[in-house]
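In what follows, a structure is listed as structure tokens, so that the remarks can point back to it.
The values are calculated or read from the model by the stated rules, or taken from the named source; none is laboratory data. Source: prediction; values computed, not measured. Don't worry about glycine lacking a Cβ; one is built from the backbone with ideal geometry, like all the others, and counts go over all protein chains shown. Side chains are part of the model used for accessible areas, which takes the heavy atoms of the whole protein and leaves out ligands, DNA and RNA. Shrake-Rupley method; radii C 1.70, N 1.55, O 1.52, S 1.80 Å.
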Amino acid sequence: MAIDRKLIEDLQRRRAAAANPGAADRVAKRHADGRLTARERLDELFARDSFQEFGLHAQHETRGFGMDKKSLPTDGVITGIGFADGRPVAGFSQDFMIAGGSLGRIHARKICDLFDYAGRAGMPVVGFNDSGGARIQEGVESLSGYGQVFNRNVMMSGVVPQIAVICGPCAGGAAYSPALMDFVIMTRESAHMFICGPEVIRAVTGQQTTMAEIGSAEAHARDSGNIHFIAEDDRHAVALVHQLLGYLPSNNMMDPPHRPSEDISLQDDLAIEDLIPDDAKMAFDVKRIIGRIADGGEFLEVQQDFAPNMVVAFGRIDGVVVGFVANQPMVMAGTLDIDASDKGSRFIQTCNAFNIPLVTLVDVPGFMPGIAQEKGGIIRHGAKMLFAYGAATVPKITVIMRKAYGGAYLAMCSRDMGADLVLAWPTAEIAVMGAEGAVNVLYRKELEAADDNSALRGELIAAYRAEFASPYQSAARSFIHDVILPRRTRGAISLALRSLLSKREARPPKKHGNIPL
Ligand code: HXC
């Protein structure tokens, strides 16, 4: 049957009208500002011609204060499914050029429908946020719409990966949808996010602040920890989405995209040993250690500017996707503080939700001492690490590189916290506390009485290390499986990963545990 030309033209006209709502000069201005349009963002995400739009013809009439009727094509959000790197992905993109991308009833309905579709199909959701927030003219309908979107975020949490890109304004309650998603990427120049802006803060509290201080990408990446990545621009944001998706399964019932190599690289890596200083007190960069363990030295660090005393990253080992959780001796000697605990436990939960094995690299002198830490609830926050590791049923492999003291030893996934395999380097020190502190507690009187205090102290420290902190002591008591040379680390982890990919662990039935929040 030949389709009537008029029908074809009518459809083409409708599509063109809905798809090109922005006047050419406004589009040009966006481009000049280094920003893409809502549709261009999705074009960048999806393979050419692979996008099936849902709701292009959705329209909603709204009223200005002058009671003039306005038609809002697509109702200010483009939604649909497409292929990203060969995998089906659901995407929505708020269109600032239509009523400021504000969210009204139909706008919310479209996002919710997309989430429902993605949930049934088991595919990731990527959302571009560029919006003036609740559509003022729609009042409580807009608030209800936000509520419905938040509810979908929660329903689909741990079911399909959710990635938010903030590439424009994201203000007030609207910021909670990205906050409920797994990863938040923010563009450096064109995005800002806040609950109460500088004017409101000034009016209510008298405090002076700026958008740069409270709402910029830098502030959220470094201070608040609300976001996971800064993108230089929209295209870079989409590149980060692709990178992230490369480590994530489409849903919680699937494995992440492992690409296991046929052979496991069991050969020694002598270069890793060059990275470890002779002096146990000297710091080393744990990212360089991760670089030696991960395939091709490649890994994707998450939240790199927030709590840099803890490093979390995705990578592959002989093709198997893993999440690295590592203390960073270069920053605050790798101590666990409130922010590091929040960062680490959240990442562990994300990996567990999406079946990603955990590789933990330990060099931790303990929890961070300080009044602010105690008052800020380091007990509650540090407990998140214990909880997240204890609750994680994915393969858990721990390598104790140097210090593993006290509660922090347990919080970095010791055998008792359910690690499947614990390896230690000969440089490991596993003990209740560091040698100097322990000697001070145990031999205070002897040290006070001695003429040559420093010689005695040195002897006692050496004896303590050999007797109480040596990895062989832990190995003798079955707290670690083996002491290995650092050169063997990648091979040993790789071998263990292959054997643990079939890991199954049953837990007592319950609704959910009660992680200390
Ligand atoms: C309806 C809106 C709108 C909104 C912007 N517009 N925000 N329309 N509802 N919330 C419209 C403008 O009227 C304008 O329409 C167009 O979008 C572009 O806006 P401009 O102001 O010209 O753009 P710009 O100068 O770039 O400023 C962007 C902005 C500003 C900073 C986002 O528009 C703004 O402050 N908007 C209001 C933000 C706000 O207070 N939202 C409510 C937050 S409370 P025309 O027709 O002129 O092009 C909230 C609660 C959520 O969201 C609660 C959830 C639980």
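Remark: pairs (first residue in segment 81-110, under 16 Å from Phe150 (Cβ atoms) and open to solvent by 40 Å² or more (accessible area, probe 1.4 Å); second residue more than 10 Å from the ligand (Cβ to nearest atom) and of a type outside the set (S, T, N, Q); Cβ separation under 9 Å; 6+ apart in sequence or on different chains) = Arg105/His60; Arg105/Asp75; Arg105/Glu141; Arg109/Gly55; Arg109/Ala58; Arg109/Asp75. For segment 178-192, a residue qualifies if it is more than 15 Å from the chain's Cα centre (by Cα), farther than 15 Å from Gly100 by Cβ and open to solvent by less than 10 Å² (accessible area, probe 1.4 Å), and exactly one does: Thr187. Highlighted here are the helices (runs of 4 or more DSSP H) found entirely within segment 330-415 that include at least 1 residues which are polar (S, T, N, Q): 338-353, 371-376. Based on this model, can you work out whether Asp234 counts as acidic (Asp, Glu) and either at pLDDT below 95 or surrounded by 17 or more Cβ atoms within 10 Å (Cβ to Cβ) (or both)? The answer is yes for Asp234.
Thr205 meets all of the listed conditions (1) within 11 Å of the ligand (Cβ to nearest atom); (2) on the phi < 0 side of the Ramachandran plot; (3) surrounded by fewer than 20 Cβ atoms within 10 Å (Cβ to Cβ) but one, namely (1). Return a yes/no flag: does segment 54-61 have any residue that is modelled with pLDDT of 95 or more and either surrounded by 18 or more Cβ atoms within 10 Å (Cβ to Cβ) or part of a strand (DSSP E or B) (or both). So far as segment 54-61 goes, yes, one or more of its residues are modelled with pLDDT of 95 or more and either surrounded by 18 or more Cβ atoms within 10 Å (Cβ to Cβ) or part of a strand (DSSP E or B) (or both).
Among the conditions (1) open to solvent by less than 30 Å² (accessible area, probe 1.4 Å); (2) more than 18 Å from Asp234 (Cα to Cα), the only one that Ser71 does not satisfy is (1).
Just the residues that are at positive phi and more than 7 Å from the ligand (Cβ to nearest atom), please, taken from segment 133-149. Answer for segment 133-149, where residues must be at positive phi and more than 7 Å from the ligand (Cβ to nearest atom): just Gly139. May I ask you to verify whether Asp130 is open to solvent by 40 Å² or more (accessible area, probe 1.4 Å), closer than 21 Å to Leu42 by Cβ and touching a strand residue (DSSP E or B) at 6+ places or on another chain (Cβ under 8 Å)? Here the answer is no, as Asp130 does not meet what is asked.
Sub-9 Å Cβ pairs linking a first residue in segment 469-482 that is under 8 Å from Val422 (Cβ atoms) to a second residue that is open to solvent by 30 Å² or more (accessible area, probe 1.4 Å) and of a type in the set (Phe, Trp, Tyr), at least 6 apart or interchain, number zero.
Going by the structure shown, is Arg152 open to solvent by less than 40 Å² (accessible area, probe 1.4 Å), over 19 Å from His228 (Cβ atoms) and within 15 Å of the ligand (Cβ to nearest atom)? Break it down into steps so the answer makes sense when it comes.
Numbers: open to solvent by less than 40 Å² (accessible area, probe 1.4 Å): no; over 19 Å from His228 (Cβ atoms): yes; within 15 Å of the ligand (Cβ to nearest atom): yes.
Spelling it out, it is not the case that Arg152 is open to solvent by less than 40 Å² (accessible area, probe 1.4 Å), over 19 Å from His228 (Cβ atoms) and within 15 Å of the ligand (Cβ to nearest atom).
Of all residues in segment 333-382, those that are of a type in the set (S, T, N, Q) and farther than 27 Å from Met156 by Cβ total 3.
Go through the residues of segment 164-175 one by one and say whether even a single one is more than 16 Å from the ligand (Cβ to nearest atom), open to solvent by less than 20 Å² (accessible area, probe 1.4 Å) and touching an Asp or Glu at 6+ places or on another chain (Cβ under 7 Å).
Pass one, segment 164-175, residues more than 16 Å from the ligand (Cβ to nearest atom): 165.
If we keep only those that are open to solvent by less than 20 Å² (accessible area, probe 1.4 Å) as well, we get 165.
Going one step further and asking which of them are touching an Asp or Glu at 6+ places or on another chain (Cβ under 7 Å), we end up with none.
No, because not a single residue in segment 164-175 is more than 16 Å from the ligand (Cβ to nearest atom), open to solvent by less than 20 Å² (accessible area, probe 1.4 Å) and touching an Asp or Glu at 6+ places or on another chain (Cβ under 7 Å).
At least 2 residues being among the aliphatic types (A, V, I, L, M) is the threshold, and among the helices (runs of 4 or more DSSP H) wholly inside segment 149-261 those reaching it are 198-205, 211-214, 234-245.
So for segment 378-392 (the condition being in contact with a strand residue (DSSP E or B) (Cβ under 8 Å, 6 or more places away or on another chain), farther than 23 Å from Val331 by Cβ and buried (at least 19 other Cβ atoms within 10 Å of the Cβ)), does at least one residue qualify? Yes.
Given the criteria open to solvent by 50 Å² or more (accessible area, probe 1.4 Å), among the β-branched types (Val, Ile, Thr) and more than 10 Å from the ligand (Cβ to nearest atom), does Val125 qualify?
Numbers: open to solvent by 50 Å² or more (accessible area, probe 1.4 Å): no; among the β-branched types (Val, Ile, Thr): yes; more than 10 Å from the ligand (Cβ to nearest atom): yes.
So Val125 fails the test.
Would you confirm whether or not segment 133-145 contains a residue that is buried (at least 20 other Cβ atoms within 10 Å of the Cβ) and either part of a loop (DSSP other than H, G, I, E, B) or within 24 Å of the chain's Cα centre (by Cα) (or both)? Yes, because at least one residue in segment 133-145 is buried (at least 20 other Cβ atoms within 10 Å of the Cβ) and either part of a loop (DSSP other than H, G, I, E, B) or within 24 Å of the chain's Cα centre (by Cα) (or both).
Tell me, which residue of segment 405-420 that is without any contact (Cβ under 8 Å) to a residue 40 or more places away in the chain and open to solvent by less than 50 Å² (accessible area, probe 1.4 Å) is farthest from Met310 (Cα to Cα)?
Step one: filter segment 405-420 for residues without any contact (Cβ under 8 Å) to a residue 40 or more places away in the chain, giving 410, 417-418.
Remaining after also requiring open to solvent by less than 50 Å² (accessible area, probe 1.4 Å): 417-418.
Values: Met417: 19, Gly418: 21 Å.
Checked segment 405-420; the qualifying residue farthest from Met310 (Cα to Cα) is Gly418.
Residue by residue through segment 289-310, note down the ones that are farther than 21 Å from Gly382 by Cβ and either assigned to a loop (DSSP other than H, G, I, E, B) or in contact with a Ser or Thr (Cβ under 9 Å, 6 or more places away or on another chain) (or both).
Ile289, Arg292, Ile293, Ala294, Asp295, Glu298, Gln304, Asp305 - these are the residues of segment 289-310 that are farther than 21 Å from Gly382 by Cβ and either assigned to a loop (DSSP other than H, G, I, E, B) or in contact with a Ser or Thr (Cβ under 9 Å, 6 or more places away or on another chain) (or both).
Based on this model, can you work out whether Gly119 counts as within 11 Å of the ligand (Cβ to nearest atom), open to solvent by 10 Å² or more (accessible area, probe 1.4 Å) and in a helix (DSSP H, G or I)? No.
Would segment 311-318 turn up any residue that is charged (D, E, K, R), crowded, with 21+ Cβ neighbours inside 10 Å and not in a loop (DSSP other than H, G, I, E, B)?
Yes, that holds for at least one residue.
Answer yes if at least one residue in segment 237-257 is among the aromatic types (Phe, Trp, Tyr) and within 16 Å of the ligand (Cβ to nearest atom), and no otherwise. No, the conditions are met nowhere in segment 237-257. For segment 73-94, filtering for residues that are of a type outside the set (Ser, Thr, Tyr), within 16 Å of the ligand (Cβ to nearest atom) and either in a helix (DSSP H, G or I) or within 26 Å of the chain's Cα centre (by Cα) (or both) leaves 4.
What about Ile290, is it within 20 Å of Ile400 (Cβ to Cβ), open to solvent by less than 10 Å² (accessible area, probe 1.4 Å) and touching a residue at least 60 places away in the same chain (Cβ under 8 Å)? So that I can check it myself, show each step before the final result.
Values: within 20 Å of Ile400 (Cβ to Cβ): yes; open to solvent by less than 10 Å² (accessible area, probe 1.4 Å): yes; touching a residue at least 60 places away in the same chain (Cβ under 8 Å): yes.
In short, yes.
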